[in-house]
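S.K.: The structure under discussion is supplied below as structure tokens; questions concerning it will follow.
The numbers here are math on the coordinates, done by the rules we state, and not lab data. Computed from a prediction, not measured in an experiment: that's the story for all the values here. Positions of Cβ are generated from backbone atoms using ideal geometry, with glycine treated the same way; all protein chains shown enter the neighbour counts.
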Amino acid sequence: MNVSKLESKSRNVAYTYIERDSTTICVMLSGTGYTYEKPLLYYSTMQMIEADYDLVQIHYSYDSSCFKMNPLDFINIIIEDVDSVISEVFSTKKYEQVIFIGKSLGTLPIAFKYSKAAYFQDAKLILLTPLLQIEGFHESVMESQKDILMIIGTEDVYYIKESVDALRHKGNVNLIEIDGANHSLEIEPTNTKESLIVMEQVMKELNKFLIK
């Protein structure tokens, strides 16, 4: 296994590239403050390594001024940052299968671009705690024909029941709704045992989605 700490030449975005000589690659997009060391992304990373997939973790970072911008303008910045890494990685190696895993903020470029990108026609998309309240997010996912796994908790501040109900009935979307889970997919009020059970459930759903 070759692990490289790199930076995209066009936009200076840091990323970690784990190469395992695979024809499948997973592109991981973190949340705001929810880094790759946090449980959902840490264990997702372990699953990708266990499956012998190549892996790219993109380490974008934004200051508070970005969160005051028009949401679509901010999303375009994130997309450009992510694209700068993807273009660099894919210029050196051709992959047969692409998986995207996004947590919170990381679900935005997936929904707004990669869910509809023709050159990732057969990509599998995993949306953990998606930001359903962002204008255009729901519509973008509804328009996508790609295989999508979406996992969200009923106590997530970004949970929108009407959107969840509509997406649940879309044939290419596997929607997992976790009762009592918050934006970190942990049970509220704090319950360590139940939160660990949820984590195990999420990893099982992720694995089942990837091997179907």
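S.K.: Say we join alpha carbon atoms closer than 10 Å with springs in a Gaussian network model of the chain; which of 122, 83, 165 then has the biggest fluctuation?
M.R.: Highest fluctuation among the options: 165.
S.K.: Sticking with this one: Positive end of the dipole of the range 12-92, charges at C-beta (+1 Lys, Arg; -1 Asp, Glu), about the Cα centre: which of 17, 65, 77 has its Cα farthest in that direction?
M.R.: 65
S.K.: Mean projection of the alpha-carbon convex hull of the range 1-58 over all orientations, in nm²?
M.R.: 4.2 nm²
S.K.: Okay, next question. Looking only at 100, 67, 137, which one moves most when the chain is put into a Gaussian network model with springs between Cα atoms under 10 Å?
M.R.: Sorting by GNM fluctuation, first place goes to 67.
S.K.: On each of the three principal axes of the Cα atoms of the chain, give max minus min coordinate, whole Å, ordered largest first.
M.R.: So the extents along the principal axes, rounded to whole Å, are 44, 39, 33.
S.K.: Okay, next question. Hey, what do the phi angles of the range 132-143 turn into as Karplus ³J(HN,Hα) couplings, whole Hz, using 6.51/-1.76/1.60 and θ = phi - 60°, x for Gly and Pro?
M.R.: 5, 7, 5, 4, x, 5, 4, 5, 4, 5, 5, 7
S.K.: For the chain, what is the mean residue ellipticity at 222 nm derived from helices alone (per DSSP H run of n ≥ 4: -39500 (n - 2.57); sum divided by total residues; nearest 500 deg cm²/dmol)?
M.R.: After summing the helix terms and dividing by the residues of the chain, the value is -10000 deg cm²/dmol.
S.K.: Over 28 Å between C-alpha atoms is what I'm after, so list which of 170/193; 9/116; 5/208; 116/161; 93/146 land there.
M.R.: 170/193; 5/208
S.K.: Further question on the same structure: Would you work out the charge dipole size for the range 144-197 about its Cα centre, treating the Cβ of every Lys and Arg as +1 and the Cβ of every Asp and Glu as -1, and quote it to the nearest 20 debye?
M.R.: 260 debye
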